[in-house]
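Written out below as structure tokens is the structure these notes cover.
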Amino acid sequence: MAQTHTVSAGEPLRERAERLRSALFESGGALAELSEAEQSQLNQQAQELAEVFQRSSANVEGRHGYLSLRNHQLEG
């Protein structure tokens, strides 16, 4: 069975992601030249892609779990 983590367990990763993300948009950052509208659109697209990735990986994990249970039943 897959390990689950509490929401608070991901906090260090969220903090790191926020530091990296904010550095991109600060003066001199790679995305600083974009307008507010472009930055907002980019952020929205990134969120949509993250949601798609989460859904697609959840299906794969579910499929692996199913196959693992089925395989254990067949082994005896």
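The values are calculated or read from the model by the stated rules, or taken from the named source; none is laboratory data. What you are looking at is a predicted structure, and each value in this text was computed from that prediction instead of being measured. Calculation scope for accessible area: heavy atoms of the full protein, side chains included, ligands and nucleic acids excluded. Shrake-Rupley method; radii C 1.70, N 1.55, O 1.52, S 1.80 Å.
Here are a few things to note about the model shown:
- Length available on full extension from residue 67 to residue 45: 0.36 nm per residue minus the Cα-Cα distance, which gives 4.6 nm.
- Area accessible to solvent at residue 16, 1.4 Å probe radius, in Å²: 130
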